[in-house]
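What follows is a short report on a single structure.
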Amino acid sequence: MAFLGLGTMGLPMATRVAQFARSGTRVKFELSVWNRTSKRAALLAKMGVPTAPTPRECAQGAEFVFTMVSDVEALRALATGPDGLLEGLGRRATWIDMSTIGRSAALEMARLAEAQGAKFIDAPVSGSVGPAERGELAFLVGGAARDVQRLEPLFMAMAKRVIHAGDVGQGQALKVVLNGVGAHQVIAFTSMLVLGLKSGLTRATLVDAFTSGPFGSPAIVGKKAKVLAKDYSPEISLEMSRKDAQLNLDLQQEVGVDLPAQREIHKEMSAAVAQGLGADDVFAMERYYGKQGALEKKGKVAKT
Ligand SMILES: NC(=O)c1ccc[n+]([C@@H]2O[C@H](COP(=O)([O-])OP(=O)(O)OC[C@H]3O[C@@H](n4cnc5c(N)ncnc54)[C@H](OP(=O)(O)O)[C@@H]3O)[C@@H](O)[C@H]2O)c1
């Protein structure tokens, strides 16, 4: 088995797979990993997991090839070219991509895999770094039912839930729609936090009320300690969330729907990225709204 992409999410997920391989499971496999920046593989190397020098060599001989990278550009970069994953992908192999890339990109990758005689499954995940470390992610999967069933033990090494959404591409459709809900929650939380603070309420009061009442979704409750500490080190970066908001707009266009609130979310996240907040956690939208509020007070932004 091959696992390519050891970023914030990929590293804890691959670590769980490595632990599963050693757990005496009946599902027998050898694991090999690859990451563009090789030092990310050091922890796995300590566990005895070999690092392949190229995506091609990582995929070679593997029945299942998992990828988890930032976006479709990253996926194309590791998949194509003489040292790319596709060059090593065997005719009977299955390529499972877990990155959030949107439906049309998943269909593009499926065509590339099929041209090699291999199968493609889209399996983006719901849940952030904590659930990834604890094996509590949810997989949103697109592919033939029989193929998805075969993969279930491997998915369950990383997750507590597998949702089979339909044919190839539908895992991504579900992920993009679900992220749209998440984006509304982040925007609601961070903008109302700023309004509350500017109204004289304390951070502790606001965070307590937001996380203990009927609007305290797990995504919001999970951020409680970080928001109280104003810790915006990234669990999911604002730039990554802006990319997800763009995928939502792409899907809307694909299916002929226009949802202005999502367009506004994308616009505001893009403005925050332009202000240099892209590498911070998405909850750094609080900083963006904080600055907007200050500008309005000075009369520099027209009130609508
Ligand atoms: N973070 C979350 O909470 C979360 C939750 C659910 C889903 N997701 C999705 O999961 C995916 C990964 O997110 P993440 O937070 O783990 O991102 P991340 O920490 O930024 O890691 C990105 C990974 O992609 C690799 N990469 C980037 N550009 C590349 C290129 N041109 N060629 C090869 N590899 C490249 C990086 O390699 P280097 O190490 O060399 O930079 C790294 O392994 C994204 O699609 C994201 O939307 C994230």
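The values are calculated or read from the model by the stated rules, or taken from the named source; none is laboratory data. Predicted model, so just to flag it, every value in this text is computed and none were measured. Cβ placement follows ideal geometry from the backbone for every residue including glycine, while neighbour counts extend to all protein chains displayed. With ligands, DNA and RNA removed, areas are computed over all heavy atoms of the protein, side chains included. Shrake-Rupley method; radii C 1.70, N 1.55, O 1.52, S 1.80 Å.
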Next on the checklist: With a 1.4 Å probe and all protein chains kept in place, how do LYS291, LYS160, LYS243 rank by accessible area, largest first?
Outcome noted: LYS160, LYS291, LYS243
Checklist outcome for this item: Reported to the nearest 10 Å², ARG150 has, with a 1.4 Å probe, an accessible area equal to 110
Checklist entry - PRE reach from THR37 (point 7 Å along Cα→Cβ): which of segment 265-288 fall under 18 Å by backbone N? => result 277-282
Next on the checklist: If I take every Cα pair under 8 Å that is 6 or more residues apart in the chain, average their sequence separation and divide by the length, what percent do I get for the relative contact order?
Outcome noted: 13
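Quick check: with the 1.4 Å probe, what order do ARG287, ARG56 take by accessible area, largest first?
Reading off the accessible areas and sorting them downward yields ARG287, ARG56.
Within the chain, what percent of beta bridges assigned by DSSP are antiparallel, to the nearest 5?
Details: 4 of 25 bridges.
Percentage antiparallel, nearest 5: 15.
Please tell me the relative contact order of segment 173-297 in percent, rounded to the nearest whole number, where contacts are Cα pairs under 8 Å and at least six residues apart. Don't skip to the end; give the middle numbers.
Details: 115 pairs, mean separation 44.8, N = 125.
Over segment 173-297, the number comes to 36 percent.
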Next on the checklist: Please compare each pair in LYS28/LYS119; LYS160/LYS267; LYS198/LYS224 to a cut-off of 26 Å on the Cα-Cα distance and tell me which ones are over it.
Outcome noted: LYS160/LYS267
Checklist entry - At a Förster distance of 35 Å, what's the computed FRET efficiency of ARG146 paired with ARG203, Cβ-Cβ distance as r, to 0.05? => result 0.10
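With a sphere of radius 10 Å drawn around the Cβ of LYS160, what net charge do the other residues whose Cβ falls strictly inside it have (Lys, Arg +1; Asp, Glu -1)? Spell out each step's value before the answer.
Values: positive: ARG134, ARG161; negative: GLU136.
In short, +1.
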Item to check | segment 94-150 - percent relative contact order, Cα under 8 Å, separation 6 or more | outcome: 32
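Enter the per residue convex hull volume of segment 2-167, computed from alpha-carbon coordinates, in Å³ rounded to the nearest integer.
101
For segment 173-297, count the residues as N, evaluate 2.2 N^0.38 Å, and divide the Cα radius of gyration by that value, please.
Details: Rg = 14.5 Å, N = 125, 2.2 N^0.38 = 13.8 Å.
Normalised Rg, Cα atoms only: 1.05.
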Checklist entry - Can you list, bin by bin at 20 Å, the percent of alpha carbon pairs in the chain, starting at 0? => result 32, 54, 14, 0
